[in-house]
Structure formats: C-alpha cells, structure tokens
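One structure below.
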Amino acid sequence: MKIVFLGCGYLGYNLSEALKGKYETEVWGLVSPYSSFSTIFREINVFDFEQLGKQDLKDVIIIDTVSLVANTAKSDNENEFLRNLFNRYNDLFAFLKEKGIHSYYFVSSGGTVYGESDVPIKENHELLPKSLYAKSKVMLEKSIEESGLNYIIMRLSNPYGGYQVTDKKQGVIPILIEKVLKNEQFELWGESTTVRDYIYIDDLSKIMNVLIDKDTKNEVINIGSGIGHSLQDVFDLVESKTKKNIDLKKIQIDVPVVKSIILDISKLKSLTGITSNTSLEEGIEKEVRRIQEELK
C-alpha cells in the first residue's frame with residue numbers, strides 16, 4: 001500500500017515520518033520549513049494537474065494535510081473566497097477519482113466546525129462554523145462526501161508534539177515552552193480560560209496507522225483525547241515542568257474564537273480499539289525535554 005501526503009507542513013512532515021517505516025510513503029507539496037528535513041519529500045504542486053498527472057496514483061491512499069486557509073484568515077468577500085476554494089478542490093477530487101486512488105483522508109477541524117461546547121460533542125452534532133477557516137472545512141467535508149471517492153474525514157482536535165516550527169505562530173504548546181525556556185514574552189491571543197482538546201502527535205500517528213490497516217472508509221471521525229483543558233492548565237503545566245514563570249502579553253484579535261470545545265471520541269475508540277492517550281502532563285513533559293535539547 002502506497003501513502004501520499006499532500007502538503008509538507010507540521011502534520012504532513014510528522015505523520016509521514018511516523019508511517020514511512022511501515023508503508024511506502026511520499027510527501028508531495030511546495031517547499032516549506034519542514035521539507036528540507038524530509039527524505040521522502042517531492043516538490044509537486046498538487047493542484048497542477050499536468051504535474052500531478054505524471055504520477056502513478058492508482059490505488060494510492062491520499063492524506064490531505066494542505067493548509068490553504070489559515071485559522072486566522074479573513075476575507076472581504078467570504079462567499080467568493082469559498083467558491084474559488086470549492087472549485088479548486090472539486091477539480092482535484094474529480095481528477096483523483098479518474099486516476100483510481102484507493103481513498104482520500106481529509107484533515108478537518110474538530111476544534112472549530114462544531115462551534116461551542118462545554119461537554120464532549122459527537123460527530124452527528126450540528127455544525128456551527130464561525131470563522132472563515134471553519135467554514136472552509138465544513139464546505140470541503142461536504143464536497144468530499146459528494147465526490148464519489150472513498151474517504152475518511154478526520155475532525156482533528158489540537159495536535160502537538162514532534163518537530164514543530166515555532167516562528168509561524170502556530171502550535172501554542174511548543175511556542176509557549178520555547179518562549180519560557182528562552183526567557184521571552186509569550187503573546188496570548190484570546191483568553192486563558194479557552195478550553196481545547198489536545199492530542200499528542202504519537203497518539204495521532206497510532207490512530208492513523210490503525211485506520212489505514214483496517215482499511216476504514218467513508219467515515220467522519222472525531223480524533224482527539226476526549227478531555228478538555230484550558231490554556232491556564234497548559235500554562236500551569238509548562239511552569240511546573242520548566243520551573244520558570246511565564247511572561248504573558250495579551251493580544252486582542254478580531255477573528256471569531258471558539259471558547260470551549262471537547263470531542264466525544266467514542267466512535268474513534270469503537271473503530272480503532274485504542275482506548276488510551278498520552279496525558280497532557282506527559283506530553284508537555286516530553287515537549288519540554290525535546291525543546292531543551294534543541295536549544296542546547
């Protein structure tokens with residue numbers, strides 16, 4: 001079985017590194033801060049069908065980790081923006097179906113598509129996207145379901161851990177740890193009371209491995225820890241593990257922010273049999289050790 005990751009960002013790089021020892025694996029995309037570290041990266045514009053058509057796609061599993069819309073994205077004309085994105089992806093789906101791919105895994109956003117929830121939320125819950133980023137995920141989910149491709153829609157919580165570039169201001173946990181260890185100020189976008197579901201990258205890799213092994217198809221799956229933690233919980237753990245105080249600077253943003261979201265992962269457990277995850281405390285401890293080594 002051949003696996004091709006589209007996009008060599010944080011997820012594309014780390015997940016491909018975890019899976020390449022078991023499957024024939026490649027990463028296709030544009031040059032990124034991660035691509036130079038990957039020995040299986042190929043510079044291919046995945047929306048250039050002339051270039052894509054030169055590749056053997058028969059029975060390939062495609063895992064889409066491309067990030068065309070930032071989670072802070074805004075547009076003066078959201079409808080036009082989403083329509084252009086829809087057309088671009090619809091053409092890609094039609095092309096991949098014609099080439100006979102095995103299945104298409106799409107990384108959606110469990111942290112934004114549902115809106116607010118103080119209790120674990122199931123996959124059949126009403127979708128209430130607030131931001132342009134979340135609206136794009138919901139739109140593409142529907143497009144995939146109607147494409148005729150075999151698919152897995154992964155409503156992913158907040159992954160962290162592994163190698164992560166921190167200068168992109170994405171990934172609150174590694175950025176926070178690095179700032180604290182370097183005695184630098186950390187910019188807090190939003191409120192410390194914001195609750196999220198965090199999943200360690202090794203756990204996500206194991207889940208992906210099982211879904212591929214079981215040849216799971218045509219499912220929408222929440223992927224997370226099933227446990228909510230506030231940013232204040234993260235702050236407290238980072239201070240405990242680094243034995244340093246955090247220097248916070250609060251930044252106001254004008255993008256809609258979900259205040260609380262926790263994923264119900266009962267379906268994930270049923271499909272994979274995986275019932276345990278790395279705790280946030282364990283994950284942050286691992287990240288502190290990793291980043292301390294990188295900063296030596």
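Take the conditions (1) part of a helix (DSSP H, G or I); (2) modelled with pLDDT under 95; (3) of a type in the set (Gly, Ala, Ser); SER276 misses just one of them, which is (1). Criterion applied to ASN79, ASN71 was being at pLDDT below 95, within 22 Å of TYR200 (Cα to Cα) and either of a type outside the set (A, V, I, L, M, F, W, C) or exposed (fewer than 14 other Cβ atoms within 10 Å of the Cβ) (or both), and the one residue passing it is ASN71.
Right, LEU188: farther than 25 Å from TYR104 by Cα and either of a type outside the set (S, T, N, Q) or surrounded by fewer than 17 Cβ atoms within 10 Å (Cβ to Cβ) (or both) or not? Yes; evaluated as a whole, the condition is true for this residue.
Of all residues in the stretch 9-27 being more than 14 Å from GLY162 (Cα to Cα) and out of contact with any Leu (no Cβ under 6 Å at 6 or more places or on another chain), which is surrounded by the fewest Cβ atoms within 10 Å (Cβ to Cβ)?
GLY21
Taking the conditions (1) surrounded by 16 or more Cβ atoms within 10 Å (Cβ to Cβ); (2) in contact with a Gly (Cβ under 9 Å, 6 or more places away or on another chain) in turn, ILE62 satisfies each one other than (2). Pairing each residue of the stretch 181-203 that is under 23 Å from ILE265 (Cβ atoms) with any residue that is of a type in the set (A, V, I, L, M, F, W, C), provided the two are 6+ apart or on different chains, yields C-beta distances under 6 Å for THR194/LEU231; ASP197/ILE262; ASP197/LEU263; TYR198/LEU280.
ARG155 meets all of the listed conditions (1) within 13 Å of ILE261 (Cα to Cα); (2) surrounded by fewer than 17 Cβ atoms within 10 Å (Cβ to Cβ); (3) of a type in the set (Lys, Arg) but one, namely (2).
When the strands (runs of 3 or more DSSP E) confined to the stretch 97-206 are screened for residues that are modelled with pLDDT of 95 or more, under 19 Å from the mean Cα position of the chain (by Cα) and of a type outside the set (Ser, Thr, Tyr), those reaching at least 3 such residues are found at 151-156. Filtering the stretch 255-268 to residues that are surrounded by 14 or more Cβ atoms within 10 Å (Cβ to Cβ) and either of a type in the set (Gly, Ala, Ser) or assigned to a helix (DSSP H, G or I) (or both) leaves SER260, LYS267, LEU268.
The values are calculated or read from the model by the stated rules, or taken from the named source; none is laboratory data. Everything numeric in this text was worked out from a predicted model, so none of it was measured. We place every Cβ from the backbone using ideal geometry, glycine too, and count neighbours over all the protein chains shown.
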